[in-house]
Amino acid sequence: MRIGVIGAGQLGRMLALAGYPLALQFRFLDASEDSPGGQVGPIITGAFDDPASLERLAAAVDLVTYEFENVPVRALQQVATTRPCLPPVEALRVSQDRLLEKQLFGDLGIPTPPFRAVDSLGGLRTAVAEIGLPCVLKTRRLGYDGKGQRYLRKASDVQPAWQALGAAPLILEGFIAFEREVSIVGARSTRGEVRAYPLVENMHRDGILRVSRAPLRHASLQKAAERHLRRVLDHFDYAGILTIEFFVRRGRLIANEMAPRVHNSGHWTIEGAATSQFENHLRAILGLPLGDTRPVGHCAMVNFIGALPPRDKVLAIPGAHYHDYGKAPRPGRKIGHCTLVAATATERERLLRRLLRLLPR
Ligand SMILES: Nc1ncnc2c1ncn2[C@@H]1O[C@H](COP(=O)(O)OP(=O)(O)O)[C@@H](O)[C@H]1O
Ligand SMILES: [Mg+2]
């Protein structure tokens, strides 16, 4: 069985690594031939929106999936006429647009920050008046790692924010003074089986995920998150892994965004759960029984951003698992991560402090 993966980044690499024990083979499509996926499978080089490249990928595999969210929907629809393409293209279409995504959450009864579509400076002023300051202006499409966002704290921020982002369709959201950020990662298989991982607590800096801790043991939040997740999964007749990010304020979940793919906040599952998100994604799209999502310890996942810490020092930490994606270091670029698995939350925090001291500044 050959799986085609659109995108050969670290997510693609980890998918392939999880798939080899299941006798799966992988082909990637990526614009760059030295992307991480190339270390573990052939890359067909080409643009994500180039029909000829997509056709070459489809022709070489039995099933197509994606690890990259900005694949043009039309191109993927074309692929889907020749090969099964999962997760469903419709889930990708909605999650590419923050406005459609928030509207869907609303339709499914999942709380979101207040939001307005913004297409003009006048419209932005009206939206700011309605939502109130502080608020966050975001491009509807193509944002990631905090890119394409501006915080509006005072009236004089409105004009410069419009100057910076106004060339594209926008969404204005109320700023949520959250107590914490969490995410739920879960799988639904082509047979309709659903399994969710325990909630993860995520810490961002400059819009980029730095540290995830799992499991967040919180029975009522877990129950609410699973209910929201299941609604989204069932809505799309979904197959694969899907992630929803939430803010927690006054003990309640407020949905921020979703990703129709394996997710950075699920990396801890490779060593920290009975079955990894990557294996469960493959099981889900192949209609295999889903694996146990139980945690096997108390985990922390630390992203290596822009630079790697010394590998030998990290590996000297008990329960440390080092992942170097083999990417050229650049400021703000995720080039690796480490997962710590400990017997208790206290022990995890101790090991985490030790790991964080090793990060280059
Ligand atoms: N409405 C908001 N209120 C408060 N913080 C926000 C809001 N929107 C985004 N953020 C902060 O910025 C981070 C990145 O924004 P997000 O919408 O998740 O975009 P990205 O696609 O870049 O992950 C969030 O994880 C959160 O820390
Ligand atoms: Mg996010």
Could you please give the count of residues in region 242-265 that are of a type in the set (Val, Ile, Thr), more than 11 Å from ligand 2 (Cβ to nearest atom) and part of a strand (DSSP E or B)? 2
Residues satisfying the stated conditions in region 97-156, i.e. part of a helix (DSSP H, G or I), buried (at least 18 other Cβ atoms within 10 Å of the Cβ) and charged (D, E, K, R): Arg98, Glu101, Lys102
Neighbours by Cβ (under 6 Å, 6+ apart or cross-chain): first from region 324-349, of a type in the set (A, V, I, L, M); second assigned to a strand (DSSP E or B): Ile335/Phe304; Leu340/Ala300; Leu340/Ala320; Val341/Cys299; Ala342/His298; Ala345/His298
Exactly one of (1) touching a Phe, Trp or Tyr at 6+ places or on another chain (Cβ under 8 Å); (2) assigned to a helix (DSSP H, G or I) is unmet by Ala52. Its number? (1)
Select from region 202-248 the residues that are under 15 Å from Gly272 (Cβ atoms) and more than 12 Å from ligand 1 (Cβ to nearest atom) and write down the one among them that is farthest from the chain's Cα centre (by Cα). Arg217
Contact list please: Cβ distance under 8 Å, first residue in region 143-171 and at positive phi, second residue among the polar types (S, T, N, Q) and at pLDDT 95 or above, pairs at least six apart or on different chains. Gly148/Thr139
Report yes if some residue within region 65-83 is at pLDDT below 95 and basic (Lys, Arg); otherwise report no. yes
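The values are calculated or read from the model by the stated rules, or taken from the named source; none is laboratory data. Not measured: the values here are computed from a predicted model. Quick reminder, even Gly has a Cβ in these numbers, built from the backbone with ideal geometry, and neighbours come from all protein chains shown.
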